[in-house]
Amino acid sequence: MSDEAVPAIKPSLPEEQPMIPQPLVELHGWGRASGTMAHLAQIDSVADAVSALRTSDTTRGVVPRGLGRSYGDAAQNAGGTALDLTKMNRILSLDAVGEPPTVTVQAGVSLDLLMRALLPFGLWVPVLPGTRQVTVGGAIAADVHGKNHHTEGSFGNHVRSLDLLMADGHVRKVTPQGDTAALFWATVGGMGLTGAVLRATVALQRAETAYFSVDTDRCSDIDDLMQKMSNGDEGYTYSVAWFDAVTKGRHLGRAVLTRGNKARLAELPMKLKRDPLKFVAPSLGTLPEVFPNRMINKATAKAFSEVWYRKAPKRRVGELQNITQFFHPLDMVAEWNRVYGPHGFLQYQFVVPFDQEDPFRRCLEMIVNSGHLSCLNVLKRFGEGNPSPLSFPMPGWTLTVDLPIEHGLDKLCDALDTEVVGAGGRVYLAKDSRLSAATFRKMYPRLDDFLAVRREVDPDGIFNSDLARRLELSKPILGGAA
Amino acid sequence: MINAVGAPQSLLLLGGTSDIALAIAHRYARTGVRIVLAARPSERRIAAANELKGLGCEVTEVDLDARDHDSHATTIDLAFAGGDIDIAVIAFGLLGDAERAWQDPDLALELAEVNYAAPVHLGVLLGQRMQAQAHGWIVALSSVAGERVRRSNFVYGSTKAGVDGFFLGLGEALRDHGVRVLVVRPGFVKSKMTSGLKEIPLSVTPDDVAEAVTEAINGKRELIWVPGTLRVVMSGLRHVPRPLFRRLPI
């Protein structure tokens with residue numbers, strides 16, 4: 001591994017500096033569909049964060065921002081301040097011998113950086129979402145999940161403590177148990193609205209190798225897929241399916257199911273045994289900003305779906321894959337979201353409980369028959385949720401589609417919302433850029449628990465965002481001073 | 001904020017009982033959308049509010065008197081009391097009798113005040129609010145009558161020429177603050193304002209204007225003609241020499 005990827009381990013020194021008013025810049029989510037202008041404050045230290053909070057315009061508030069991978073407006077704050085925490089990227093301490101091992105990092109450390117630093121010690125980040133380009137702070141705020149949700153839960157389950165910059169300017173250590181448990185769990189999945197995570201201690205797993213032993217199954221339709229997943233998932237730590245959201249009729253929902261476990265050292269061939277913890281992360285470059293709006297059209301979407309389905313073997317067992325192959329194929333291409341053109345796209349991810357297979361199928365049919373085209377479609381079974389009131393995962397089926405912004409997409413999404421609400425399911429806030437406040441409330445029955453914590457720690461709604469205003473999580477609801 | 005699929009959460013309609021304003025409201029109406037109807041108190045305003053409430057919108061009525069400049073700040077304060085405004089439409093206006101208007105100083109002044117001074121005054125106030133929230137659209141209803149002012153209705157036309165220029169400029173001033181201004185130049189709109197007048201070719205309905213407005217906002221366009229073909233017509237007319245222009249039956 002390269003040395004420059006591991007930062008020097010030293011605590012940040014508080015230096016009191018007056019914050020210079022930042023110019024307005026356009027900030028958007030990964031979907032690039034509804035950007036707004038905000039003041040971006042570069043945060044290099046805890047002192048910077050405190051001072052940015054104290055000097056910010058209280059009517060528009062502040063929102064913490066990491067690598068901007070949430071798809072919608074979660075890390076946007078029109079007219080207010082966004083705290084850019086990506087420079088707070090130091091790994092502060094590592095306990096490699098403890099059980100479990102733990103690492104303490106600043107919030108701006110990306111999972112990419114963390115993985116690269118931990119692998120040589122045979123340590124493994126317990127939850128990895130579909131990209132490594134997220135910060136630890138963002139992973140907590142969105143309570144991200146990965147292919148191992150059914151066995152390991154979401155990111156918040158593995159956080160042992162965190163330092164939270166509160167609306168009153170104080171930094172408080174909060175933990176999953178004890179007096180601060182309510183605040184801890186409201187922060188997990190709280191989209192940055194309880195405060196800014198500045199530092200976190202995360203429990204780690206051990207890994208003998210950086211490879212996965214992967215079984216691949218091609219499934220001829222949605223029923224085949226759901227049956228295979230229901231019957232076999234428990235035998236694998238990691239499980240996810242790509243499905244075809246273009247093909248209609250008999251092969252509706254045909255899919256490629258990949259499931260795997262971390263490979264043991266003994267499973268590696270001699271060639272790989274020499275460097276079993278090698279992190280393979282090739283880069284194919286950065287997509288230029290040249291794509292038109294209709295790059296994803298009927299022809300390209302059909303061709304892509306056909307190739308993706310056909311290139312997978314009917315059944316293959318025990319294939320060794322590296323981290324990038326198994327987890328993050330999209331990370332090979334930087335700024336891949338540009339392929340959708342200037343209008344951008346949205347990702348619709350929902351979950352419905354296990355006994356709601358019929359509405360789940362109806363949603364899939366609606367998407368396939370809508371004429372809106374999605375290529376990157378993911379289906380997964382979730383395991384148990386956690387105590388966070390706004391965390392997304394719950395036991396059930398989750399489905400994700402990427403839809404380019406086009407005329408009529410609002411109608412499709414509204415119709416999907418209705419099915420999802422009817423089935424007792426919900427939409428993932430880290431992906432959302434369009435939900436209405438009323439629908440959101442129906443999807444998150446524990447919203448009031450979250451608001452109670454927020455009212456207590458941030459009655460004036462200092463922590464605010466476009467998402468907070470859209471979903472009515474901000475000032476008027478909190479009842480703070482106008 | 002206007003969400004990723006182009007749906008606003010809040011609308012402010014200044015001149016909230018105008019046919020065009022209400023047509024725009026209907027285009028955006030869905031459950032939970034906040035609509036502020038700013039207009040003179042009237043039966044018509046109540047009826048409009050009830051109709052929009054019936055579509056699931058949250059409606060607030062606010063008093064607006066275009067000629068009472070001192071009241072404008074309060075109107076805008078009340079309009080923003082419920083939170084950010086995503087789209088503000090300035091839709092009030094007076095046509096007046098064209099021949100009377102250029103000979104009756106009071107009527108000429110009234111047209112200038114209602115069609116020009118009031119939108120400018122409210123436009124500045126709106127601009128301040130929108131600048132602070134750093135997002136949103138101001139939609140100003142101009143007219144092709146202002147693009148080349150003609151003898152047959154030049155008092156009205158001159159007010160629209162002024163308002164058109166002001167809002168185009170406001171759009172330039174606000175764009176670095178995340179705010180967009182859309183200037184709409186309709187031709188002849190069949191509405192209560194023009195009832196009794198003779199229809200001319202390329203006439204449109206208030207809903208045609210509303211559709212063009214929603215599409216322009218979706219496409220982030222800042223100057224439109226309704227119908228679109230008028231753009232070509234007007235670009236020709238703009239260059240007709242005056243001796244010839246004066247003889248045209250328009």
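Just so you know, all these numbers are worked out from the coordinates, no wet-lab data involved. All figures in this text were calculated on a predicted structure; none of them were measured in a lab. Using ideal geometry, Cβ is built from the backbone for each residue, glycine included, and neighbour counts are taken over all protein chains shown.
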Checklist entry - Once the Cα atoms of chain A are picked out, what are the Rg and Dmax in Å? => result 21.7, 67
Item to check | Neighbour-count ranking [beta-carbon atoms within 10 angstrom, fewest first] of A:Lys380, B:Lys53, A:Lys311 | outcome: A:Lys311, B:Lys53, A:Lys380
Checklist entry - What is the distance, in nm, between label points placed 7 Å from the Cα along the Cα-to-Cβ direction at A:Glu456 and at B:Val120? => result 5.6
Item to check | Taking B:Arg185, B:Arg34 and counting other C-beta atoms within 10 Å, the order from fewest to most | outcome: B:Arg34, B:Arg185
Checklist entry - Among the DSSP beta bridges whose two residues both lie in segment A:32-108, what percent are antiparallel, rounded to the nearest 5? => result 35
Checklist entry - Size of the dipole of the protein assembly as shown about the Cα centre, Lys and Arg at +1 and Asp and Glu at -1 on the beta carbon, nothing else charged, in debye to 20? => result 2080
Checklist entry - Tell me, A:Tyr236, A:Tyr71, A:Tyr309 in order of fewest to most beta-carbon neighbours within 10 Å? => result A:Tyr309, A:Tyr236, A:Tyr71
Checklist entry - Which FRET efficiency, nearest 0.05, do B:Ser42 and B:Thr194 yield, Cβ-Cβ r, R0 30 Å? => result 0.95
Checklist entry - So what's the gap between the Cα centers of segment A:392-465 and segment A:242-320, to the nearest angstrom? => result 29
Checklist entry - Counting alpha carbon pairs within less than 8 Å and at least 6 residues apart, what relative contact order, in whole percent, applies to chain A? => result 17
Item to check | For segment B:10-245, with +1 on Lys and Arg beta carbons and -1 on Asp and Glu, the positive-most of B:Asn115, B:Asn50, B:Thr205 along the dipole | outcome: B:Thr205
Next on the checklist: Given the options A:Ala196, A:Leu164, A:Gly108, identify the residue whose Cα lies farthest towards the positive end of the charge dipole of segment A:88-206 (+1 on Cβ of Lys, Arg; -1 on Cβ of Asp, Glu).
Outcome noted: A:Gly108
Checklist entry - For segment B:187-250 and segment A:85-108, what is the separation of their Cα centres, given in Å? => result 64
Next on the checklist: For a Förster distance of 56 Å, can you work out the FRET efficiency between the beta-carbons of B:Thr74 and A:Arg160, rounded to the nearest 0.05?
Outcome noted: 0.55
Checklist entry - Averaged over peptide B:4-15, how many Cβ atoms belonging to another chain are found within 10 Å of each residue's Cβ? => result 5
Next on the checklist: Cross-link candidates for A:Lys380: which lysines have Cα within less than 27 Å, leaving aside residues fewer than 8 places away along the same chain?
Outcome noted: A:Lys147, A:Lys228, A:Lys248, A:Lys262, A:Lys298, A:Lys302, A:Lys311, A:Lys314, A:Lys411, A:Lys431, A:Lys442
Item to check | For residues of A:407-420, the mean tally of beta carbons on other chains within 10 Å | outcome: 2
Checklist entry - In peptide B:129-142, what is the residue-averaged number of other protein chain Cβ atoms found within 10 Å of each Cβ? => result 3
Next on the checklist: I need the calculated FRET efficiency for the pair B:Arg100 and A:Arg264, taking r as the beta carbon distance and R₀ as 56 Å, to the nearest 0.05.
Outcome noted: 0.05
Checklist entry - Between A:Ala299 and A:His407, what length in nm is gained on full extension when 0.36 nm per residue of separation is reduced by their alpha carbon distance? => result 37.0 nm
Next on the checklist: Per q in 0.11, 0.13, 0.14, 0.17 Å⁻¹, report the Debye log10 I(q)/I(0) for segment A:211-435, using one uniform scatterer on each alpha carbon and no solvent.
Outcome noted: -0.60, -0.84, -0.98, -1.37
Checklist entry - Once you charge only the Cβ atoms, +1 for Lys and Arg and -1 for Asp and Glu, what is the size of the charge dipole of segment A:211-435 about its Cα centre, to the nearest 20 debye? => result 900
Item to check | Beta bridges per DSSP with both ends in the protein assembly as shown, % antiparallel, nearest 5 | outcome: 60
